[in-house]
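So the structure is just underneath, and the comments pick up after that.
Read-outs: derived from the displayed coordinates by stated rules, not from any lab. On a predicted model such as this, the values are computed, not experimentally measured, just so you know. Don't worry about glycine lacking a Cβ; one is built from the backbone with ideal geometry, like all the others, and counts go over all protein chains shown.
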Amino acid sequence: MTLKAGDEIPELVKHPTTRQLVQYAGAQGDFYEIHYDQDFARSVALPGVILHGLLKAAFLGQLVTEWLGERGTLKAFEVSYRGIDQPGRPYRCRGRVTKVDGDQVELEVWGEDSAGNRTTVGTATVDVKG
Amino acid sequence: MATTTVVDRLRARIGVAAPPVSATVEAGHLKRFAEAIGDSNPRWLSEAPPTFLVAIAPTSIHLAEAEEYGKGWLNGGNRFESIEPVKVGDRITATGKVVDVYEKTGSSGSLLFIIFETEYVNQHGRPVARLRGTAIRR
């Protein structure tokens, strides 16, 4: 794989729904009500139910592993949740190579809301097979 | 002041490991997790996707009493480190600890930050992954 800093990787657009949040709550075992109970979410000053940060992390994990395929391994990835995201709106996951050092490749990854705000930002480190 | 007490009590927990939690990575659980995140890669039928380990043990510990502070939780961020692949049938033991607790006051009020780390060890005693997280009370 010939990679260089600045290369953008193929984007991944997710379409989360409230149903998916319930599915994720069950699969992860995180039953905090802000992810499926509209009244509860509003009672803690949110506009309505919001995506789990860890679900957005999973989307970004998928972004990287789909791009990487069998060519390498995701070693580490770190994300900061900068803003909330609501279901019913597309969530666009993107990434760009920032550094290539032998077999080790660093990327910046981020998730954008439908207005283009980066509500999740992070970095990923992958090992590519030489 | 009540909030100071909560911060002090949580700070006293820094570095103290919680009781380990063990779980076997089950095929059905992996499948439900991959479906829930909407990732249909067949690789995840037998191998854990990057964030799966958050589903086998609570991601944060000692946090119940932090609920005296503010009115809601926010997840500030996570770091996932993979040391070796986790496969169906692996018996994983997760040990978590609080590594830092601090308060920040900004224009919109006070926030309480709790930084925790979890280490995951497999049935052979080898560390397979680490997780770091920032839980915020606001």
Note to self: Given points 7 Å out from each Cα along the Cα-Cβ axis, report the B:E47 to A:T98 separation in nanometres with one decimal.
What the structure shows: 2.5 nm
Note to self: What do you get for trypsin sites (Lys or Arg not before Pro) in the range B:1-89 restricted to DSSP loop and a cutoff of at most 11 other Cβ within 10 Å of the site's Cβ?
What the structure shows: B:K71
Notebook entry, point to check: Straight-line reach from A:K56: which aspartates and glutamates have a Cα under 16 Å away, not including same-chain ones fewer than 8 places off?
Noted result: A:E11, A:D30, A:E66, A:E78, A:D85, A:E108, A:E112, A:D113, B:E35, B:D39
Notebook entry, point to check: On a 0 to 90 degree scale, rounded to 10, what angle separates helix A:53-68 from the longest Cα axis of chain A?
Noted result: 30 degrees
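Roughly how big is chain B's charge dipole about its Cα centre, with Cβ charges of +1 (Lys, Arg) and -1 (Asp, Glu), in debye to the nearest 20?
Values: 17 positive and 15 negative charges, 20 e Å.
Magnitude of the dipole: close to 100 debye.
In the neighborhood of A:G26, defined by Cβ-to-Cβ distances under 12 Å, what is the net charge if each Lys or Arg adds +1 and each Asp or Glu adds -1?
Working: positive: A:R19, B:R32; negative: A:D30, B:E35.
Combined, the nearby Lys, Arg, Asp and Glu give 0.
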Notebook entry, point to check: If you take the Cα Rg of the range B:11-69 and divide it by 2.2 N^0.38 Å, with N the number of residues, what do you get?
Noted result: 1.48
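Which three numbers, in whole Å and largest first, are the semi-axes of the equivalent ellipsoid of the protein assembly as shown derived from its Cα gyration tensor as √(5λ)? Display every interim value, and only then the final one.
On the way: eigenvalues 166, 101, 71 Å².
Square roots of five times the eigenvalues give 29, 23, 19 Å.
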Next item on the list: Using all C-alpha to C-alpha distances in the range A:63-109, build P(r) with 10 Å bins and read off the rounded percent in each one.
Entry: 19, 50, 23, 8, 0
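Taking 25 Å as R0, compute the FRET efficiency from the Cβ-Cβ separation of A:R89 and A:D7 and round it to 0.05. Working shown, then result.
Numbers: r = 28 Å, r/R0 = 1.11.
Between A:R89 and A:D7 the formula returns 0.35.
Can you give the local net charge around B:G70? Use residues other than it whose beta-carbon is closer than 9 angstrom to its beta-carbon, Lys and Arg +1, Asp and Glu -1.
Details: positive: B:K71, B:R137, B:R138; negative: B:E67, B:E68.
Summing Lys/Arg as +1 and Asp/Glu as -1 gives +1.
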Next item on the list: Over 20 Å between C-alpha atoms is what I'm after, so list which of A:K14/A:K99; A:K129/B:K31; B:K71/B:K104 land there.
Entry: A:K14/A:K99; A:K129/B:K31
Checklist line | Gyration tensor over alpha-carbon atoms, the range B:38-108, equivalent ellipsoid semi-axes in Å | finding: 32, 15, 11
Check: Looking only at other chains, what is the average number of their beta-carbon atoms within 10 angstrom of each beta-carbon in A:60-69?
Finding: 3
Checklist line | Under 13 Å, Cβ to Cβ, from B:D90 - net charge with Lys/Arg +1 and Asp/Glu -1 | finding: 0
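Is it possible to state the helix-based mean residue ellipticity at 222 nm for the protein assembly as shown, with each DSSP H run of 4+ residues giving -39500 (n - 2.57), the sum divided by total residues, to the nearest 500 deg cm²/dmol? What is it?
Value at 222 nm, helices only: -6000 deg cm²/dmol.
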Margin query: For a quick check of your reading of the filter: which GluC sites (Glu not before Pro) in the range A:55-112 sit in a DSSP loop and have no more than 11 other Cβ atoms within 10 Å?
Written below: none
Next item on the list: Using a Gaussian network model of chain A whose springs link C-alpha atoms within less than 10 Å, name the residue from A:Q86, A:Q23, A:Q62 with the highest mean-square fluctuation.
Entry: A:Q23
Checklist line | Inter-label distance for A:A45 and A:V22, nm, one decimal - labels placed 7 Å from Cα along Cα-to-Cβ | finding: 2.9 nm
Checklist line | Orientation-averaged projected area, Cα convex hull of chain B (nm²) | finding: 9.1 nm²
Item checked: Peptide A:11-17, shielding by other chains (average Cβ, 10 Å cutoff) -> 1
Next item on the list: Could you state the angle between the C-alpha long axis of helix B:2-11 and the longest principal axis of the C-alpha atoms of chain B, as a value from 0 to 90 degrees rounded to the nearest 10?
Entry: 40 degrees
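Quantify how strongly other chains surround peptide A:24-34 by giving the mean number of their Cβ atoms within 10 Å of each of its Cβ atoms.
Working: counts 7, 1, 4, 12, 10, 7, 6, 0, 3, 1, 3.
Going residue by residue through A:24-34 and averaging, the value is 5.
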